[in-house]
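Asker: Below are the structure tokens for one structure; questions will follow.
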Amino acid sequence: MSEKKNDKQLLQDILKELGREKDFPKILDRRKTRFENGKITRLDLSRLMLEQFTNKIINLRALQRLDLSYNKLQVLPEEIGYLKNLRRMDLRANRLSSLPETIPGLVNLRKLDLRENFIELLPQGIEKLRKLKELKLDSNPLDSLPKSTIKLKKLRFLSLRKMNFLVLPEQVCHLKRLEILDLGSNYLTTLPEKIGLLQNLQFINLQKNRMIDLPQEIVHLDLKRLDFRDNRFKEIPPQLWEVQSLERIDIVSNQLTAISEKIDQLTNLYDLRLYDNKIRELPESLCDLPQLYRLEVQYNELSSLPLSIGKLAKLQELMLNNNQLTSLPASICELAELQLIYLDFNKLEKLPSDISKLQNLRELSANNNELEAFPEQIDNLEKLERLDLQNNELINLPESLVKLPSLSHLWINGNPLSSKSEKIISDLKQKGCKVDI
């Protein structure tokens, strides 16, 4: 009577059948391969160029995670559906056109990744995956989803990127526990009215679609984040002013020309990204956002900033580069928490004299402007690490630069510096500051 094989021996048998026995030591060392009490609970067989798989996988009965991503599998054995302890399966980037009918037998499956395959139809009985929380179907030729998917009551995360959808399948709107919905890189122009049924939804990713509008029903959601980058919005949809739970909005690379005064209704907003649009001015009401931490409005057509920008008490990151700014309001020096400011490629001739009040500033970039001088008294910028002033009209550098204890990198090439500045540059280098001239 033959001795019962342990899991290591069983794995060797599997690899031998797959013609990858030489990879046995490497697979044991992989971070995603794990043993518990002598049993394989996690197995990483990704990126092995596998063209076929084996039914011997059924012998690894303790298996909880199986990674077969980035192979060349066209078919999976029926036996894979008998791995009752399997919780996570990654089949991304294979050549699968269908799944075994036994897949619904994976009753403990929590996460299933089917991205980048050729699957046209999900197996009947998919609703039996009652514990499924995460399903990724990106880049498959699925025209729709089976009606039974609405019975996936525990699904929290659904990814449908690059599915060529013109309209969102209605079944999605009945997945009432959904928290994250990724619809990036489709052809959607709006969302169905029933999107308002997704009461637990926190994040919708709609980047790289053709969005021009949103349904009024979106106001019923407690969304925290929206990503609309690379769409066709000409204004921020007014319905969003009623979604006061929003914390982050990305409307990058659209066709925005202005921002509504009503933006101050989004009192929980801490991250606002509006770069690469055609915005000509920002409303004063934007300065009444009490939680705003990051503001990205680079690559627009701004010629000025709100006079009260200094009211943004929690602002730490401010991106203003590639606009048409000729000056900055004095109140910008009241941004006590500011750590990073980008002013590159504007038309600034000077910076506010009180810039040294920005005592938390770590990085200041103002290259490619028309600066003729830099404020003299900057001793208080004790945390400043990086200062980029290249390609301006600077003749003299302030002597107080040498007193900045944290300055590690200074860019000043492309300026008509006088010989007087050479001593300052020399002193900075002696302190260990890297100076690009």
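Asker: When you scan the range 104-213 for strands (runs of 3 or more DSSP E) that lie fully inside it, which ones turn up with 3 or more residues that are farther than 19 Å from R88 by Cα?
Answerer: Details: elements: 111-113, 134-136, 157-159, 180-182, 203-205.
Answer list for the range 104-213: 203-205.
Asker: Another one. Can you tell me which residue in the range 1-57 is nearest to V75 (Cα to Cα), limited to those that are among the polar types (S, T, N, Q) and in contact (Cβ under 8 Å) with a residue 24 or more places away in the chain?
Answerer: Restricting attention to the range 1-57, the residues satisfying the condition of being among the polar types (S, T, N, Q) are 2, 6, 9, 12, 33, 37, 41, 46, 52, 54-55.
Then keep just the ones that are in contact (Cβ under 8 Å) with a residue 24 or more places away in the chain; that gives 6, 41, 46, 52, 54-55.
Working: N6: 27, T41: 23, S46: 15, Q52: 7, T54: 10, N55: 11 Å.
Top of the filtered list is Q52.
Asker: Let me ask you something else. Have a look at I126, I195, I180 and point out the one that is among the aliphatic types (A, V, I, L, M) and in contact with a Ser or Thr (Cβ under 7 Å, 6 or more places away or on another chain). Even if it seems obvious, please write down each step before you answer.
Answerer: Numbers: I195 fails: in contact with a Ser or Thr (Cβ under 7 Å, 6 or more places away or on another chain); I180 fails: in contact with a Ser or Thr (Cβ under 7 Å, 6 or more places away or on another chain).
Going through I126, I195, I180 in turn, the sole match is I126.
Asker: While we're looking at this one, here's another question. Identify all residues within the range 257-272 that are out of contact with any Ser or Thr (no Cβ under 7 Å at 6 or more places or on another chain) and either surrounded by fewer than 20 Cβ atoms within 10 Å (Cβ to Cβ) or under 17 Å from T190 (Cα atoms) (or both); write none if there are none.
Answerer: Applying the first criterion (out of contact with any Ser or Thr (no Cβ under 7 Å at 6 or more places or on another chain)) to the range 257-272 yields 257-260, 262, 265-267, 269-272.
Matches in the range 257-272: T257, A258, S260, K262, Q265, T267, Y270, D271.
Asker: Further question on the same structure: Of all residues in the range 413-428 being in contact with a strand residue (DSSP E or B) (Cβ under 6 Å, 6 or more places away or on another chain) and in a helix (DSSP H, G or I), which is nearest to L371 (Cα to Cα)?
Answerer: Just the residues of the range 413-428 that are in contact with a strand residue (DSSP E or B) (Cβ under 6 Å, 6 or more places away or on another chain), to begin with: 413, 425, 428.
Filter once more, so that each one left must be in a helix (DSSP H, G or I): 425, 428.
Working: I425: 18, L428: 21 Å.
That would be I425.
Asker: Could you tell me whether the range 319-339 includes any residue that is of a type in the set (S, T, Y), outside any loop (DSSP other than H, G, I, E, B) and farther than 28 Å from K431 by Cβ? Steps first, answer last, please.
Answerer: Keep residues of the range 319-339 that are of a type in the set (S, T, Y), which gives 326-327, 331.
Next cut, outside any loop (DSSP other than H, G, I, E, B) only: 331.
Subsequent filtering for residues that are farther than 28 Å from K431 by Cβ retains 331.
Checked the range 319-339: at least one residue is of a type in the set (S, T, Y), outside any loop (DSSP other than H, G, I, E, B) and farther than 28 Å from K431 by Cβ.
Asker: Say we look at the range 4-20 and pick out the residues that are out of contact with any Gly (no Cβ under 9 Å at 6 or more places or on another chain) and farther than 14 Å from T33 by Cβ; which of these is surrounded by the fewest Cβ atoms within 10 Å (Cβ to Cβ)?
Answerer: Looking at residues that are out of contact with any Gly (no Cβ under 9 Å at 6 or more places or on another chain) and farther than 14 Å from T33 by Cβ, I get K4.
Asker: Then there's this: If you take the residues of the range 92-103 that are of a type outside the set (G, A, S) and in a loop (DSSP other than H, G, I, E, B), which of them is surrounded by the most Cβ atoms within 10 Å (Cβ to Cβ)?
Answerer: Filtering the range 92-103 for residues of a type outside the set (G, A, S) gives 92, 94-96, 99-103.
From what's left, in a loop (DSSP other than H, G, I, E, B): 92, 94-96, 99-102.
Numbers: R92: 18, N94: 25, R95: 13, L96: 20, L99: 21, P100: 17, E101: 12, T102: 17.
Residue satisfying both the conditions and the ranking: N94.
Asker: Which condition does Y82 not pass, out of (1) hydroxyl-bearing (S, T, Y); (2) surrounded by fewer than 17 Cβ atoms within 10 Å (Cβ to Cβ); (3) within 28 Å of the chain's Cα centre (by Cα), if it passes all the others?
Answerer: (3)
Asker: Shifting gears a bit: Mind listing whichever residues of the range 325-370 are loosely packed, with under 15 Cβ neighbours inside 10 Å, farther than 19 Å from S406 by Cα, at pLDDT 95 or above and not hydrophobic (A, V, I, L, M, F, W, C)?
Answerer: The answer is T326, K347, E349, E370.
The values are calculated or read from the model by the stated rules, or taken from the named source; none is laboratory data. Since the model is a prediction, treat every value here as computed from it, not as a measurement. We place every Cβ from the backbone using ideal geometry, glycine too, and count neighbours over all the protein chains shown.
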